[in-house]
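The values are calculated or read from the model by the stated rules, or taken from the named source; none is laboratory data. Bear in mind the structure is a predicted one, so any value in this text is a computation, not a measurement. Here Cβ is always computed from backbone atoms with ideal geometry, including for glycine, and neighbour counts include all displayed protein chains. Just so you know, the surface numbers come from the protein's heavy atoms only, side chains and all, with ligands and any DNA or RNA stripped out. Shrake-Rupley method; radii C 1.70, N 1.55, O 1.52, S 1.80 Å.
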Amino acid sequence: MENDTVEVIAIDGPSATGKSTTAKLVAKELGYTYLDTGAMYRAVAYLAENGELRVENSLNLNEIRISFDKNNQILINGVNREGEIRDPKISTVVSKYSAMPYIREALTARQREIGSGQPCVLDGRDIGTVVFPNAKYKFFLTADYGTRAARRLLELQAAGKALGETLESVEKNLRERDKADSEREIAPLVKAKDAIEIDTSHITIQQQVQKILQSVGEVARCKHSLGATRTG
Ligand code: DC
């Protein structure tokens, strides 16, 4: 499944732990492609909710084109839908769609295709456990609920999508999604045994990025010297 010569950095964890901002910066620093797999699930939820996609029994990915522009904003059938997929309405329903086996199967296949073709940083829930279980580098980000809710509310305010939202309503959605994502049967949100856990509650984004870049360097050095020992 995985081409060993291609570098995959898997960054998993619950939402609002800083995964996507961190992953984007790590990818930029290393010159890797960044893939936001949560945005792909959000895209499917958006289309299904708007009656543009039937997802009862199967998901035909040929019916939809999901891609990203150079600013990592999602394009659905060529149209920028970044604002729409981040709407709290989509956050409320996305777990329902991401638990459907045929949706996971189709999106996982697409994510493998993208990640196998080029050095890539992918963030999501199941990258290190299911999509790329042999990824060279795996991280699992966590943070306490207070910090996560505050971060998510600030993001919504910045995007003008916080109408009617409070810290309490945002935290409620985070808790509900964590429960649904962790308890689903297929590819649940769980830390891979070999992932490095980073609690982001009290560190800055720059510190998160530095920790990951440092660990990538250490793991790379360690794997390189193990390889040298074995072949030497
Ligand atoms: O990271 P996010 O909040 O944008 O993700 C949206 C939803 O998609 C989240 O509730 C769980 C789901 N998801 C998933 O099941 N597997 C992934 N690899 C990424 C996201």
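Among the residues of the range 11-48, those identified as open to solvent by 20 Å² or more (accessible area, probe 1.4 Å) and under 22 Å from Lys193 (Cα atoms) are Ser20, Gly38. Taking the range 45-75 as the range and being at pLDDT below 95 and among the β-branched types (Val, Ile, Thr) as the test, the residues that pass are Val55, Ile64, Ile66.
For the structure I just gave you, tell me whether Ala16 is within 16 Å of the ligand (Cβ to nearest atom) and modelled with pLDDT of 95 or more.
The answer is no for Ala16.
Considering only residues of the range 66-110 that are on the phi > 0 side of the Ramachandran plot and out of contact with any strand residue (DSSP E or B) (no Cβ under 7 Å at 6 or more places or on another chain), which is most open to solvent (accessible area, probe 1.4 Å)? Break it down into steps so the answer makes sense when it comes.
Of the range 66-110, the ones on the phi > 0 side of the Ramachandran plot are 72, 77-78.
If we keep only those that are out of contact with any strand residue (DSSP E or B) (no Cβ under 7 Å at 6 or more places or on another chain) too, we end up with 77-78.
Working: Asn77: 66, Gly78: 48 Å².
Checking each candidate, the answer is Asn77.
So is Asn57 in contact (Cβ under 8 Å) with a residue 12 or more places away in the chain, open to solvent by 50 Å² or more (accessible area, probe 1.4 Å), away from the ligand (no atom under 14 Å from the Cβ) and over 14 Å from the mean Cα position of the chain (by Cα) or not? Answer is yes for this residue. If a residue must be near the ligand (Cβ under 9 Å from one of its atoms) and outside any helix (DSSP H, G or I), how many such residues does the range 84-103 contain? Residues that pass the stated criteria total 2.
If I filter the range 34-41 for residues that are assigned to a loop (DSSP other than H, G, I, E, B) and more than 12 Å from the ligand (Cβ to nearest atom), do I get at least one hit? Looking through the range 34-41, none of the residues is assigned to a loop (DSSP other than H, G, I, E, B) and more than 12 Å from the ligand (Cβ to nearest atom). Evaluated against (1) touching a residue at least 40 places away in the same chain (Cβ under 8 Å); (2) in contact with a Phe, Trp or Tyr (Cβ under 7 Å, 6 or more places away or on another chain), Ile114 falls short on exactly one condition, (2).
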